[in-house]
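Asker: Attaching a single structure in structure tokens format; questions to follow.
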Amino acid sequence: MIRNIAIAGAGTMGNGIAHIFAQNNFEVNLIDISPEKLEEALQTISGNLDRQIAKGLITAEAKQLSLTNISTFTSIKEGVADADIVVEAVTENPELKLKIFKEIDEYAPASAILATNTSSISITKIASATKRPEKVIGMHFMNPVPVMKLVEIINGFLTEPAVTQTVTELSKQLGKVPCVVNDYPGFIANRILIPMINEAICSLYEGIAGAEEIDMIMKLGMAHPMGPLQLADFIGLDVCLSILQVLHEGFGNPKYAPCPLLVNMVAAGRLGVKTGEGFYIYTPGNNKPAVSKRFTK
Ligand code: NAD
């Protein structure tokens, strides 16, 4: 039975993953190399629980209970020692993931499942850094984790069916909807989403329409809650570019070649929401971003 959860990485995704496990009464060890990130994560979780109280979704007691379910660690060795499952959500960097998985494999109990929240790195490759590839699996949560229903579960080449079954059940216990897929570049979510975003950027680059028109067409025409260019800003243009590169290299198909405009924007440091400007300009406290002048028609 799964009771103890270790989460490696307390950034955007790690704090959301800690939030939902703690809220569902699991014991959570949240691990980050940075004590400041751990402190920030606890504050974010507390703020997000407050929002749930304000909406009448949970009580103040439930908030306290959730927070007491979380312990923080700066050492992988101590943080994973009692884990039934480790969910890794550190920075998306292949060398770092391989190094961390080697370490997690060394210190987590032999029976523990090792899951990764990677957006694009091969699960099979990550599993190869461990001595238990049959217990390594993708558990791809969506951002923001407390809100988004989907968990894309990715079977590595050697993942055991019993491990997939356990992670599927666990996702349901979190109130999520699991979908199981196989390990090929981009899995399913990003294989379909990121080329769509690239196509939207190419349409803008070719001057077919302005950013606002492109986003409006996809919002009103396809009932998408957010247009592809705004979504790209939200994901981070650097993240979009690196996923496209994985697709391009992984399939060797020119249809995945990143749009030159995307490449230029990343080189210029216009990465979207996190840098204050991408296709739109983001000012604190203003939740209706303006289209960057450069991208109006
Ligand atoms: P982030 O940069 O917000 O957080 C990464 C955290 O990892 C940081 O707090 C950093 O201090 C920590 N870290 C780095 N090296 C470490 C180490 N050696 N040991 C422990 N902690 C370490 O990143 P994020 O957006 O939360 O992404 C995390 C993972 O989730 C990535 O694999 C990413 O691809 C994936 N993902 C992200 C999103 C998204 O929308 N942000 C969505 C789905 C999946």
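Asker: With all protein chains present, how much of the accessible area of region 105-240 (probe radius 1.4 Å) comes from carbon and sulfur, to the nearest whole percent?
Answerer: Result for region 105-240: 62 percent of the exposed heavy-atom area is carbon or sulfur.
Asker: Go ahead and estimate [θ] at 222 nm for the chain from helices alone: -39,500 (n - 2.57) per DSSP H run with n ≥ 4, summed, over the residue count, rounded to 500.
Answerer: Mean residue ellipticity, 222 nm, calculated: -14000 deg cm²/dmol.
Asker: What percentage of the solvent-accessible surface of region 251-297, computed with a 1.4 Å probe over protein heavy atoms, is contributed by carbon and sulfur atoms?
Answerer: 55
Asker: Once you've got the GNM for the chain with C-alpha springs shorter than 10 Å, pick whichever of Asn15, Asn264, Asn69 has the biggest mean-square fluctuation.
Answerer: Highest fluctuation among the options: Asn264.
Asker: Could you check the spin-label model distance between Lys55 and Leu150? Points 7 Å from the Cα along Cα→Cβ, value in nm.
Answerer: 1.9
Asker: With a Cα-only, solvent-free Debye model of region 192-295, what are the log10 I(q)/I(0) values at q = 0.13, 0.14, 0.23 Å⁻¹?
Answerer: Debye curve over Cα of region 192-295, log10 I(q)/I(0) at q = 0.13, 0.14, 0.23 Å⁻¹: -0.43, -0.49, -1.30.
Asker: Scattering from the C-alpha atoms of region 98-182 alone, worked out with Debye: what is log10 I(q)/I(0) at q = 0.13, 0.15, 0.25, 0.26 1/Å?
Answerer: The Debye formula, applied to the Cα set alone, gives -0.38, -0.50, -1.23, -1.28.
Asker: I'd like the FRET efficiency for Ile33 and Lys274, computed as 1/(1 + (r/R0)^6) with the beta carbon distance as r and R0 of 22 Å, rounded to 0.05.
Answerer: Details: r = 20 Å, r/R0 = 0.89.
With R0 = 22 Å, the Cβ-Cβ based efficiency is 0.65.
Asker: Using alpha carbons only, how many degrees (0 to 90, rounded to 10) separate the axis of helix 211-222 from the longest principal axis of the chain?
Answerer: On a 0 to 90 degree scale, this one is about 60.
Asker: Using a Förster distance of 41 angstrom, determine the FRET efficiency expected from the C-beta separation of Leu98 and Gln173, and round it to 0.05.
Answerer: 0.90
Asker: With r as the distance between the Cβ atoms of Gln245 and Ile217 and R0 = 22 Å, compute the FRET efficiency 1/(1 + (r/R0)^6) and round to 0.05.
Answerer: After rounding, the FRET efficiency stands at 0.25.
Asker: List the aspartates and glutamates whose alpha-carbon lies under 17 Å from that of Lys219, not counting same-chain residues fewer than 8 positions away?
Answerer: Leaving aside aspartates and glutamates fewer than 8 places away in the same chain, those within reach of Lys219 are Glu199, Asp233.
Asker: In addition: For region 68-112, list residues with backbone N below 14 Å from a point placed 7 Å from the Cα of Ala162 toward its Cβ?
Answerer: Under cut-off, by backbone N: 110-112.
Asker: Moving on to the next point. At Ala110 and Tyr205, where each label point lies 7 Å from the Cα along Cα→Cβ, what is the point-to-point distance in nanometres?
Answerer: Calculated label separation equals 5.2 nm.
Asker: Let me ask something else about it. Express in nm, to one decimal, how much length is gained between Ala257 and Lys297 on full extension, taking 0.36 nm for each residue of separation and deducting their alpha carbon distance.
Answerer: 11.9 nm
Asker: Out of every Cα pair in the chain, what percent are spaced more than 28 Å from each other? Provide the component values of the computation, followed by the final result.
Answerer: Details: 18065 of 43956 pairs.
Tail of the P(r) past 28 Å holds 41 percent of the pairs.
Asker: Still on this structure, please answer the following. For each pair in Lys102/Lys125; Lys99/Lys135; Lys37/Lys149, compute the distance between the two Cα atoms and list the pairs where it is over 21 Å.
Answerer: Flagged as over cut-off: Lys37/Lys149.
Asker: Can you tell me the orientation of helix 237-251 relative to the chain, as the angle in degrees between its alpha-carbon axis and the longest Cα principal axis, to the nearest 10?
Answerer: Roughly 80 degrees, rounded to the nearest 10.
Asker: As I understand it, the dipole of the chain uses +1 on the Cβ of Lys and Arg and -1 on the Cβ of Asp and Glu, about the Cα centre. Which of Gly56, Met226, Ala22 lies farthest toward its positive end?
Answerer: Met226
Asker: Still on this structure: Tell me, what is the per residue accessible area of region 4-182 in Å², probe radius 1.4 Å?
Answerer: Working: 8020 Å² over 179 residues.
Accessible area per residue: 45 Å².
The values are calculated or read from the model by the stated rules, or taken from the named source; none is laboratory data. Predicted model, so just to flag it, every value in this text is computed and none were measured. Note that each Cβ is placed from the backbone with ideal geometry, even for glycine, and that neighbours are counted across all protein chains shown. Heads up: the accessible areas ignore ligands, DNA and RNA and are worked out on the full protein's heavy atoms, side chains in. Shrake-Rupley method; radii C 1.70, N 1.55, O 1.52, S 1.80 Å.
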